[in-house]
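Here, each number is a calculation from the coordinates, and none is a lab measurement. Computed from a predicted model, the values in this text were never measured in an experiment. Neighbour counts run over all protein chains shown; Cβ positions are idealised from the backbone, glycine included.
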Amino acid sequence: MNNNFVKQFGENINFFYSCFDRVIMRGYIRRLFWESGLVFFLRALGFKKLTNGVMRIFTDQLNSHIKKESERSGIPIVWWPSVGGGKNGDKHRYVEKQYVRDCQPKGNLVYCIITDTETAMSFASRELTTRKGKNYRQVYKCKKLVKHYYIYFHDQFLGGPCYLKISSYLPFPCEFYFNGHHAIRVQLEKRGLSYRMKDNAITWVEDSAALEEISQSITGRQVKERIEFWMDRFFKFDKGKYSTRSKHLEHDWYIGQAEVCTNFVFKSARFCTALFERLLDKCSRIGLPDSLSQIFGKRITRSKTKSTRRLYDNNACLKSWFKGNAIKLYNKLGYFLRTETTINNPKSLGLKKPVLFLQAYLWYGVGCNERLANCCAQVDLTSIAQDEPAQFSKPVLAPNGKKVPAVDHRKERQLELLKELIKPKYSVYGFKTATLQKALANHFGKSAQIRYELQKLLVRGIVNKKKSKSFYIVTEEGWKWIWVTISSVSYFVNPLTSMVYKKQLNQLAAQPSGVEEAYILINQGLSRFTQAFGLIA
């Protein structure tokens with residue numbers, strides 16, 4: 001990508017890349033999605049009576065095969081309601097917490113199998129009687145609760161956790177999920193490239209060109225081969241001494257949902273956050289139908305479009321919909337901007353659904369992300385620089401996700417701490433909390449109080465902790481901010497405040513000093529400003 005956004009903010013961007021994020025495939029045995037196809041299938045296997053018991057035979061054989069496979073490989077089977085999952089439980093997070101966190105597999109490994117009941121389209125049979133009194137069986141479509149298997153595993157090519165979802169009742173609809181970031185991680189490790197990954201995002205990589213190459217190398221043919229590998233292992237029917245599957249029970253796989261993201265990793269979290277706040281103000285018109293049509297590269301439509309703002313992991317997110325598809329922009333980690341296109345309705349975008357066309361989704365999503373980034377390019381850098389000091393006056397998020405309040409200048413002990421930090425004796429070797437506790441014993445009773453105040457300075461880059469040591473040191477930017485803060489409070493804020501609330505102004509008028517005269521002039525000027533702008537009732 002070499003668009004206007006990269007040209008505008010290239011000096012502040014560490015690296016960027018585009019890749020698949022969440023991808024969901026759905027498999028169907030198409031000939032079994034009509035009653036006539038099911039009847040033909042059962043007749044071909046030699047069944048004369050089309051009863052519910054006949055259809056149940058396939059379910060029992062599938063259940064038996066999966067049970068034997070789990071016992072043979074030592075795979076735990078978890079009944080989802082028994083672990084407090086419920087209907088809205090997040091199975092993926094449960095697997096990551098219970099099985100993936102302490103496991104680092106290299107090849108193919110099944111973590112667990114989660115079973116749950118869900119409503120699905122299926123078939124049933126009922127006996128009817130004609131007007132002449134003759135009985136016959138009718139097969140009909142219906143929706144009913146069906147047992148489903150969620151098989152979570154690590155794949156040697158797609159990483160993990162991925163899952164294969166199998167419905168245990170005819171017509172056996174299936175689902176396959178993988179995450180593009182996990183597939184990239186597998187390939188980076190195979191090439192021996194160092195990287196850092198946090199919260200489903202690659203925040204640093206040894207070779208950014210190799211990262212871009214790997215992210216574009218995932219094809220539909222490769223994904224289909226991996227799907228067939230896992231289907232050959234689990235989607236079989238137990239015949240006693242062996243398990244098999246009829247050629248009439250082969251699935252056709254289609255793309256159900258594909259998320260394509262473009263990620264910009266910035267050098268400064270402060271710059272990234274300030275830029276994103278400006279983008280939220282600037283890009284409010286992106287949700288209009290005309291703008292969305294240009295971003296998705298389709299004709300203008302006045303319906304089936306909308307735009308919202310919401311919170312995403314405590315950060316704002318600008319999200320827009322176009323004919324069932326979505327595109328969003330959000331600040332993922334504080335220093336990581338992501339534009340993400342979600343394709344739910346490929347037909348409206350001129351895309352084909354079979355899994356072999358997967359790479360076309362990647363290029364289409366990258367194009368949408370690039371056009372959205374172009375809309376965000378024209379932002380005045382000076383306005384971002386003016387917004388930067390807001391981090392010193394507003395709460396910010398620490399790396400652990402907790403909000404850290406700003407330094408409160410009204411408290412005397414915090415000002416005394418700042419005055420202590422800029423003493424020359426700490427400029428070379430730094431300082432420890434124990435040293436500060438001795439020097440500020442009159443203001444801080446416990447070292448925990450000093451550490452609490454230092455945390456406010458650490459997350460804002462005013463103070464840094466030396467690597468592998470217990471010493472802290474004030475940064476160059478921290479020196480500037482501390483000097484400005486102390487000077488502002490000592491020589492501007494406090495004197496002006498005291499002048500405003502002083503009762504005996506007449507005594508000052510008798511023999512005012514030069515400094516007091518200056519403060520009076522400033523106070524008069526501020527009063528004129530407030531009156532001119534109508535700030536005083």
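Summary table below
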item	result
Amide H within-cut-off set for CYS112, under 5 Å, with H built and near neighbours excluded	TYR152
Separation between Cα centres of the stretch 130-158 and the stretch 36-113, rounded to whole Å	14
Length added when fully stretched, LYS425-TYR28, from 0.36 nm per residue minus Cα-Cα	135.6 nm
For a label point 7 Å along the Cα-to-beta-carbon line of ASP252, residues of the stretch 29-52 with backbone N under 11 Å	29-33
Neighbourhood charge, 11 Å Cβ-Cβ cut-off, centred on LYS347 and excluding it, Lys, Arg +1 and Asp, Glu -1	+3
Spacing of the two label points (7 Å from each Cα toward its C-beta) at LYS347 and ARG137, in nm	3.4
Three-way shape label, the stretch 76-136, alpha-carbon gyration tensor, a/c 1.5	prolate
Local electrostatic count at LYS425 - Lys and Arg +1, Asp and Glu -1, tallied over other residues with Cβ under 14 Å	+3
Charge tally in the Cβ shell below 10 Å around GLU69, where Lys, Arg are +1 and Asp, Glu are -1, GLU69 excluded	+3
Cα gyration tensor, the stretch 398-488 - rounded (a/c under 1.5), prolate or oblate	rounded
Model label zone, ALA210; criterion: amide N under 16 Å from point 7 Å along Cα-to-beta-carbon; scope the stretch 146-166	none
Exposure proxy ranking, count of Cβ atoms within 10 Å, fewest first, for PHE322, PHE41	PHE41, PHE322
TYR242, TYR426 arranged by Cβ crowding within 10 Å, fewest neighbours leading	TYR242, TYR426
Length gained when the stretch ILE57-ASP232 is fully extended (0.36 nm per residue, less Cα-Cα span)	61.0 nm
Nearest-0.05 FRET efficiency for GLU225 and ARG410, computed from C-beta distance (R0 60 Å)	0.40
Integer Hz, Karplus 6.51/-1.76/1.60 couplings in order for the stretch 440-448, x for Gly and Pro	10, 4, 6, 10, 10, x, 10, 5, 4
Flagged links, alpha-carbon separation over 29 Å, of LYS198/LYS446; LYS97/LYS446; LYS147/LYS332; LYS198/LYS419; LYS403/LYS466	LYS198/LYS446; LYS97/LYS446; LYS147/LYS332; LYS198/LYS419
Cross-link pairs beyond the 23 Å C-alpha cut-off, checked among LYS319/LYS402; LYS394/LYS480; LYS68/LYS236	LYS319/LYS402
Rounded FRET efficiency, nearest 0.05, which uses the C-beta distance separating ASN4 from ARG196 and R0 of 22 Å	0.20
Sorted by Cβ neighbour density within 10 Å, fewest at the top, the residues LEU349, LEU145, LEU275	LEU145, LEU349, LEU275
Cα gyration tensor shape of the stretch 134-200, rounded if a/c is under 1.5, else prolate or oblate by comparing a/b with b/c	prolate
